[in-house]
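To start, the structure under review is shown below, and the notes come after it.
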Amino acid sequence: MTCCQVSLTAQSDIDALPSVFMIGEHEKSYSQMLTLRPELLMTVCNGDMDLAYENWLNFLRAVEQFATENEVDINGVKIWINVFWNPNGKIKHIAFFPKPNSKNMDYEYLRVLFSQFILQYESKLEFEKLFCHYGSASFPSFITISGNIDK
């Protein structure tokens, strides 16, 4: 196989990734996506930790509000989550995995919730390439934010 064939195969695997999946389900494609070296949210925020944190909190709050509006109870859910944004700020993929101390639930509901959420959510951040953030989320988030975020 030539270099280009490997690259085309890797891109094909990445393109086949579902928009939302549990970490561990699509390891080959997920690993290949990580080799694209997406920029970190902190880089997109020019190293401003406060701005990156505010944008992450804005994302979590939006998930929580969307769940409430759609009558999905995510209180007690604790997950590890990796969010990948396209350069235009729309979400490309969400990968997640429940923490051991998360509430017991059918996580297919969370997968469906995230799948619907990404259709309507868009960060105001833009960057020249794919960017991501790997973190932790717990609901309820108890987030109260004032002022303009997603700068």
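The values are calculated or read from the model by the stated rules, or taken from the named source; none is laboratory data. Treat the numbers as computed from the prediction; the structure is a model and nothing was measured. Because the Cβ atoms are built from the backbone with ideal geometry, glycine has one as well, and the counts that use them run over all protein chains shown.
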The residue that is nearest to Phe131 (Cα to Cα), considering only those in the range 53-108 that are touching a strand residue (DSSP E or B) at 6+ places or on another chain (Cβ under 7 Å) and of a type in the set (S, T, N, Q), is Asn86
Of (1) over 23 Å from Tyr30 (Cβ atoms); (2) touching a helix residue (DSSP H, G or I) at 6+ places or on another chain (Cβ under 8 Å), Phe117 fails just (1)
Taking the range 115-139 and the residues there that are assigned to a loop (DSSP other than H, G, I, E, B) and at pLDDT below 90, the one that is farthest from the chain's Cα centre (by Cα) would be Glu128
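Quick one: in the range 23-41, which of the residues that are touching a residue at least 40 places away in the same chain (Cβ under 8 Å) and in a helix (DSSP H, G or I) is nearest to Leu110 (Cα to Cα)?
Top of the filtered list is Tyr30.
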| query | Looking at Lys103, is it touching an Asp or Glu at 6+ places or on another chain (Cβ under 6 Å) and not hydroxyl-bearing (Ser, Thr, Tyr)? | reply | no
